[in-house]
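Trainee: One structure is given below, represented as structure tokens, and several questions about it will come after.
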Number of protein chains: 4
Amino acid sequence: MIRFAVIGAGRIGQVHARAVASHPQAELALICDPFEDNAKKLAGQYGVPYVLEADEVFASNVDAVIIGSPTPLHVEHILGAVRAGKRVLCEKPVALDLAEAERCRDELGAEADRVMIGFNRRFDPTFADVHARVAAGEIGELQQFTVISRDPAAPPAGYVAGSGGIFRDMTIHDFDMVRHFLGDIVEVSAFGSNSLPEIAEAGDFDQAVVVLRAADGRVGTIVNSRTCVYGYDQRMEAFGSAGALTADNLTSTAVRKASADVTEARGPILDFFLDRYVDAYRLELSAFIDAVLADGSVVPNVHDGVEALKVADAATVSAKEGRPVKL
Amino acid sequence: MIRFAVIGAGRIGQVHARAVASHPQAELALICDPFEDNAKKLAGQYGVPYVLEADEVFASNVDAVIIGSPTPLHVEHILGAVRAGKRVLCEKPVALDLAEAERCRDELGAEADRVMIGFNRRFDPTFADVHARVAAGEIGELQQFTVISRDPAAPPAGYVAGSGGIFRDMTIHDFDMVRHFLGDIVEVSAFGSNSLPEIAEAGDFDQAVVVLRAADGRVGTIVNSRTCVYGYDQRMEAFGSAGALTADNLTSTAVRKASADVTEARGPILDFFLDRYVDAYRLELSAFIDAVLADGSVVPNVHDGVEALKVADAATVSAKEGRPVKL
Amino acid sequence: MIRFAVIGAGRIGQVHARAVASHPQAELALICDPFEDNAKKLAGQYGVPYVLEADEVFASNVDAVIIGSPTPLHVEHILGAVRAGKRVLCEKPVALDLAEAERCRDELGAEADRVMIGFNRRFDPTFADVHARVAAGEIGELQQFTVISRDPAAPPAGYVAGSGGIFRDMTIHDFDMVRHFLGDIVEVSAFGSNSLPEIAEAGDFDQAVVVLRAADGRVGTIVNSRTCVYGYDQRMEAFGSAGALTADNLTSTAVRKASADVTEARGPILDFFLDRYVDAYRLELSAFIDAVLADGSVVPNVHDGVEALKVADAATVSAKEGRPVKL
Amino acid sequence: MIRFAVIGAGRIGQVHARAVASHPQAELALICDPFEDNAKKLAGQYGVPYVLEADEVFASNVDAVIIGSPTPLHVEHILGAVRAGKRVLCEKPVALDLAEAERCRDELGAEADRVMIGFNRRFDPTFADVHARVAAGEIGELQQFTVISRDPAAPPAGYVAGSGGIFRDMTIHDFDMVRHFLGDIVEVSAFGSNSLPEIAEAGDFDQAVVVLRAADGRVGTIVNSRTCVYGYDQRMEAFGSAGALTADNLTSTAVRKASADVTEARGPILDFFLDRYVDAYRLELSAFIDAVLADGSVVPNVHDGVEALKVADAATVSAKEGRPVKL
């Protein structure tokens, strides 16, 4: 049994706490949140103790720490936990600022390979199936890779202002996915647009297209939107010399409807990440636990987190200055 | 060039006239209809002469006759045309009455093989593809066969009264299809029901399920309805030891819609037989022309017409008496 | 917390044990199986005690008993548990023999409403969605109901011999589903066939079509096969005056493939009931727990179990004697 | 009846000849091709005269001319026909060279509105349905537009060398489509890559992604490939504030297959443009004939041809120089 602490009792911390509690090789041992009400409530749900300070987590006897604190605290919490000898799974991004993420990576040294960064979509069964089949050569040489990723509804303009922008906050998942399929990225061209005046006023784009050139010349494409009236639109297509694999959206049932108006009509797609990626969070945790038990490295790790941030930074510059940015 | 006359200038005659006119090896030469207005109008469309009496068709120099007259006249027109040395393609059914159809077959003798009966669905590209792939062994041994066949809207109760009932009028197409896949039928169990009071009052069923036992023991199933709010529901499923082939409905475009209410929603299916089976009518004519050019026999022919009627008669008795009927 | 014992440590008992262990309002308290190895192993997995005799379960302080013992013991275990004041969830069927099931129902008296019978498919999210939407009037008046239900592979001929036949062993789930949608059944016509000689030699059918007439005249249709090369084929279609709802098979991912051979190709469907109905088992338990907490009755209960058996008996006679059987 | 001449008896001329011959308001009157064998053969098929020189077409009494000659002759043939008072439908592109196309437009003056350029995809029923429903507001404000367009197999390297490059030769259809949906384009960013060494050696890309900025700020995306093992991949997606409309590929039948390997597997998509766009060619001709009968202007016309070429030129520069190109 691996003993886990969860730092951050917010929405994402709750997801991780539940995943830990129901994993046969994991034990939820400690909750940490500076807001005592939050900490108390989540800890109470599982009958475990809570603390208010991350330092108390590091000083505790837990084996592993899941970091779901606000992004500006990620590096501090990663370094604190690793120095205390804990294994770490930290939510993305490593930091809002690339320099800060690189500092984290550098201070971690060889340990950077052992800190998992929560690019959970790599563990989604549908996306992982596409990746595994591409890797197995089922579509020959992979030649083009396209991601469509749209959130159901935009965050408040206030959140957007402090989020680092759409590329660092939202597209970063897709950047990691393109790297996962095409390898390292050498050039980024990003094109932002706005359908929502309030986001424009907050100085950010709410829609974007990003074209990424991989080191071997292949091209990946990302289409993003902060809003999508039909739900959390999460698709990808891998095109290769021997075929294509397409990941569709998921629905909660397999019911089709025919009526005077429509035929073959499915119900709504899974609403947002807590539903859409519930299996991904669970499988991410399993992969982490396997690595902890094997005392080995993990993927995606801090290096992947730094690389995705580099791409996000480049995209931010590209969209602003209207030119391709090389990495 | 094969010179064609079309007897009957109604809806189905118009379909055949158009198919003939646009076939490279066919020439529309004569239209016949006792209602001069109808005959004149259709003939005028193609700039061909018309006559009012079928005998004038038989006496003419056409090579082939397509019979789209009312069912009670089919046998008379088939025999007249064949005696005059014409090749014949006659709409289904051969007759409303099995004895009459058998008389036709018997009088035709060896010619019965050369008169095509218009079970057009055998020529539908989708259904024909299922049949060809089953025949090629793609799903191993065919074991179960299911047809779903629903009309968009019920005919007037007045029509129903003279139609011979749902099994002779509507299901007869499906009976032919089951025979096409499973071979001769030895037992029929039919189950009628009513969702439309006016059809019930006219003494007919407007919904039915029929189970057919083939000579080799395999079982086919037909589900029928005279009404279907989403259109002309025409599907089938062939299930075998190595897989299944399913024929879906056809839509006029390949557009899918996602909105707040639905996802993957297709538009309406093709509305009724003139749209749904436009290719089938065309390919039926081609098969007929090929047989005429080869001076050979055709399938489906009068024998198939008689066999389908036998099944329809058995189904009528079965549904009425609540028992299986052997053939 | 409701304390549960599970009688029967076989495959289905393991499913229930896991569902209980992960339900927040349930506590797995006791395992019972006459084969000590089985009991010990399952109990060990959850760190709970085990017993060898059902009487020890009845004498224990558990609140509820899940019965997954062999069918011949169901009635004895139901009655024993109920007499000891326990709430009961028993696997289907109530008994192999209708008379035995009726005896159980009669001895239970008013308690028959409170014993749940495990027709788990009613709780499958996809089928439950169809049922709820039909009940909400989304497709108007329900007029026709069709179930396709095929197992991936036939059980050993030895099992078949003692199973009571395909209708009692396999179709019984579908009978319950038709009753769930169309209400009580008044007439059954069943048509068996064989694709597997070894099942024929064991005196059973391995394929069947059943037509059921409901009390209000509507007709339901079931298509069964003991084998299906593409997996566990579990579909249904509800057809009504305002549309149709179709339940498709489920796949483990949402990946589509295009290659030189195929397009839009999905992967395998979920393999068998432990995968396909994992959510159904979980939601069945939740419904049961809700009823226990409310001290109320449950659906489906022993009455539903008896009714499904009546239909299965009638189907068995119908298929053997080649005639409709009234209930 | 409108009397048509077809200039060019090659593959595309044959398509147009057939469309004219089967259109009720059109009469195929003359074929023109400098290669007498070609001209004779096509003319013979329809029993019409042929000529070898375009001037003889202009001097003839035809009402309309369809130009399917090699691209370098388009402008000469357009101008010759228009000066002779004929209506013109010319295959895309207007010219290989933008200056030449602009000269054509300028010389035509007001007549430029009356010369149709064969961007046939606008008339494809599936794409036209998407456009009409977007225009009708079915998905609210259109915000993002994506085209996937892949040819089944690359042309010979020799053809590629003289084709003007992928953007002028292949993507030009997609440029017209993006303009059709998003309006005039103000900036183009194109990204080429190569999966085929022989195309790379011929100095062209065989794969490309193009991002287009419309005058109102909206962004369109095109993904191209010269090869696609599963056929002629022709899709688009219109995303708006109230939903999305997606155009899928078309198959020749509506058959789905389930086997041990795949489920829901469709057959091959329509192979190439002669099959995929057969309806589009027919409907394009109908739209042209309607305009001729009304003595009115047409869309798409020479202006659209010039605009698409401008985008193609910009894309060519963009891909070569690695920077966005403004129009």
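Trainee: Just to be sure before I move on: is C:T251 of a type in the set (V, I, T), free of Cβ contacts under 8 Å to residues at least 24 places away in the same chain and either at the interface with chain A (Cβ under 9 Å from one of its Cβ atoms) or within 30 Å of B:V229 (Cβ to Cβ) (or both) in the structure I sent? Steps first, answer last, please.
Mentor: Details: of a type in the set (V, I, T): yes; free of Cβ contacts under 8 Å to residues at least 24 places away in the same chain: yes; either at the interface with chain A (Cβ under 9 Å from one of its Cβ atoms) or within 30 Å of B:V229 (Cβ to Cβ) (or both): yes.
Spelling it out, C:T251 is indeed of a type in the set (V, I, T), free of Cβ contacts under 8 Å to residues at least 24 places away in the same chain and either at the interface with chain A (Cβ under 9 Å from one of its Cβ atoms) or within 30 Å of B:V229 (Cβ to Cβ) (or both).
Trainee: Same structure, new question: So is C:I12 within 23 Å of the chain's Cα centre (by Cα), part of a helix (DSSP H, G or I) and buried (at least 20 other Cβ atoms within 10 Å of the Cβ) or not? Outline the logic, then answer.
Mentor: On the way: within 23 Å of the chain's Cα centre (by Cα): yes; part of a helix (DSSP H, G or I): yes; buried (at least 20 other Cβ atoms within 10 Å of the Cβ): yes.
Judged against the criteria, C:I12 is a match.
Trainee: Give A:D271, A:D204, A:D261 a once-over and let me know the one that is in contact (Cβ under 8 Å) with a residue 40 or more places away in the chain, under 28 Å from C:I139 (Cβ atoms) and assigned by TED's automatic domain parsing to the domain that holds A:R133. Break it down stepwise before answering.
Mentor: On the way: A:D204 fails: under 28 Å from C:I139 (Cβ atoms); A:D261 fails: in contact (Cβ under 8 Å) with a residue 40 or more places away in the chain.
Just a single option satisfies the conditions, and that option is A:D271.
Trainee: Now for a different question. Any residue in the range A:281-292 that is more than 14 Å from chain C (Cβ to nearest Cβ) and touching a Phe, Trp or Tyr at 6+ places or on another chain (Cβ under 7 Å)?
Mentor: In the first step, residues of the range A:281-292 are kept if they are more than 14 Å from chain C (Cβ to nearest Cβ); the result is A:281, A:284-292.
Checking the rest, the ones that are also touching a Phe, Trp or Tyr at 6+ places or on another chain (Cβ under 7 Å) come to A:284, A:287.
Yes, because at least one residue in the range A:281-292 is more than 14 Å from chain C (Cβ to nearest Cβ) and touching a Phe, Trp or Tyr at 6+ places or on another chain (Cβ under 7 Å).
Trainee: Look at the range B:166-192 and say how many of its residues are in a strand (DSSP E or B) and either crowded, with 21+ Cβ neighbours inside 10 Å or at pLDDT below 95 (or both).
Mentor: 6
Trainee: OK, next. Is it the case that C:A242 is at the interface with chain A (Cβ under 7 Å from one of its Cβ atoms) and in contact (Cβ under 8 Å) with a residue 60 or more places away in the chain? Give the derivation first.
Mentor: Numbers: at the interface with chain A (Cβ under 7 Å from one of its Cβ atoms): yes; in contact (Cβ under 8 Å) with a residue 60 or more places away in the chain: yes.
When the stated conditions are applied, C:A242 passes them.
Trainee: I'd like to check which strands (runs of 3 or more DSSP E) are fully inside the range B:233-327 and have at least 3 residues that are aliphatic (A, V, I, L, M), surrounded by fewer than 22 Cβ atoms within 10 Å (Cβ to Cβ) and more than 22 Å from the chain's Cα centre (by Cα).
Mentor: Details: elements: B:233-240, B:243-247, B:255-258.
In the range B:233-327, no matching strands (runs of 3 or more DSSP E) lie anywhere.
Trainee: Continuing with this model, one more query. Only one of D:L30, D:L52 is closer than 11 Å to D:V6 by Cβ, in contact with a helix residue (DSSP H, G or I) (Cβ under 9 Å, 6 or more places away or on another chain) and in the same structural domain as D:H16 (by TED's automatic domain parsing); which? Even if it seems obvious, please write down each step before you answer.
Mentor: Numbers: D:L52 fails: closer than 11 Å to D:V6 by Cβ.
After applying the criteria, what remains is D:L30.
Trainee: Next question. Within the range B:80-106, restricting attention to residues that are more than 19 Å from B:V57 (Cβ to Cβ), modelled with pLDDT of 95 or more and not aliphatic (A, V, I, L, M), which residue is surrounded by the most Cβ atoms within 10 Å (Cβ to Cβ)?
Mentor: It comes out as B:R105.
Trainee: Okay, next question. Kindly provide the set of residues from the range C:113-125 that are surrounded by fewer than 24 Cβ atoms within 10 Å (Cβ to Cβ) and touching a strand residue (DSSP E or B) at 6+ places or on another chain (Cβ under 6 Å), ordered by number.
Mentor: Matches in the range C:113-125: C:D113 only.
Trainee: Would you mind telling me which numbered condition in (1) away from chain A (no Cβ under 14 Å); (2) out of contact with any strand residue (DSSP E or B) (no Cβ under 8 Å at 6 or more places or on another chain) C:P300 fails?
Mentor: Of everything listed in (1) away from chain A (no Cβ under 14 Å); (2) out of contact with any strand residue (DSSP E or B) (no Cβ under 8 Å at 6 or more places or on another chain), C:P300 misses just condition (2).
Trainee: Further question on the same structure: Would you be able to say whether some residue in the range B:193-213 is more than 7 Å from every other protein chain (Cβ to nearest Cβ), charged (D, E, K, R) and crowded, with 23+ Cβ neighbours inside 10 Å?
Mentor: Yes - at least one qualifying residue is present in the range B:193-213.
Trainee: Pick from C:A101, C:A132, C:A136: which is over 30 Å from C:A242 (Cα atoms) and either among the aliphatic types (A, V, I, L, M) or touching a residue at least 12 places away in the same chain (Cβ under 8 Å) (or both)? Steps first, answer last, please.
Mentor: Working: C:A132 fails: over 30 Å from C:A242 (Cα atoms); C:A136 fails: over 30 Å from C:A242 (Cα atoms).
That would be C:A101, the only listed residue that is over 30 Å from C:A242 (Cα atoms) and either among the aliphatic types (A, V, I, L, M) or touching a residue at least 12 places away in the same chain (Cβ under 8 Å) (or both).
Trainee: So which residues in the range C:226-239 are of a type in the set (K, R) and within 14 Å of chain A (Cβ to nearest Cβ), if there are any at all?
Mentor: Quick first cut of the range C:226-239, residues of a type in the set (K, R) only: C:226, C:235.
Listed by number, the list holds a single entry, C:R235.
Trainee: Please pick out the residue among A:V223, A:V188 that is β-branched (V, I, T), away from chain C (no Cβ under 14 Å) and over 27 Å from D:I139 (Cα atoms).
Mentor: Working: A:V223 fails: over 27 Å from D:I139 (Cα atoms).
Result of the check over A:V223, A:V188: A:V188.
Trainee: Could I ask something else about it? (1) buried (at least 20 other Cβ atoms within 10 Å of the Cβ); (2) under 29 Å from D:R266 (Cβ atoms); (3) away from chain C (no Cβ under 14 Å); (4) touching a residue at least 40 places away in the same chain (Cβ under 8 Å): which one isn't true of D:R218, the others all being true?
Mentor: It is condition (2) that D:R218 fails.
To keep it simple, each residue is scored yes or no on (1) more than 14 Å from every other protein chain (Cβ to nearest Cβ); (2) of a type in the set (D, E, K, R); (3) under 16 Å from A:E307 (Cα atoms).
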residue	(1), (2), (3)
A:I78	yes, no, no
A:A95	yes, no, yes
A:V115	yes, no, yes
A:T126	no, no, no
A:G137	no, no, no
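Trainee: Additional query: Only residues in the range C:40-63 that are touching a residue at least 12 places away in the same chain (Cβ under 8 Å) count as the first member; pair them with residues that are of a type in the set (F, W, Y), Cβ under 7 angstrom, at least 6 apart or cross-chain, and list the lot.
Mentor: C:A43/C:Y50; C:V62/C:F4
Trainee: Failed condition for B:R179, given (1) within 14 Å of chain C (Cβ to nearest Cβ); (2) touching a strand residue (DSSP E or B) at 6+ places or on another chain (Cβ under 9 Å), with all others met?
Mentor: The one condition B:R179 does not meet is (1).
Trainee: Which residue pairs have Cβ atoms closer than 9 Å, lie 6 or more positions apart in sequence or on different chains, and pair a first residue in the range C:302-313 that is over 13 Å from C:L182 (Cα atoms) and modelled with pLDDT of 95 or more with a second residue that is among the β-branched types (V, I, T) and surrounded by fewer than 21 Cβ atoms within 10 Å (Cβ to Cβ)?
Mentor: These pairs meet every condition: C:D313/C:V325.
The values are calculated or read from the model by the stated rules, or taken from the named source; none is laboratory data. Being a predicted model, the structure only gives us computed values, none of them experimental. Cβ coordinates were reconstructed from backbone atoms using ideal geometry, including for glycine residues, and neighbour counts include every protein chain displayed.
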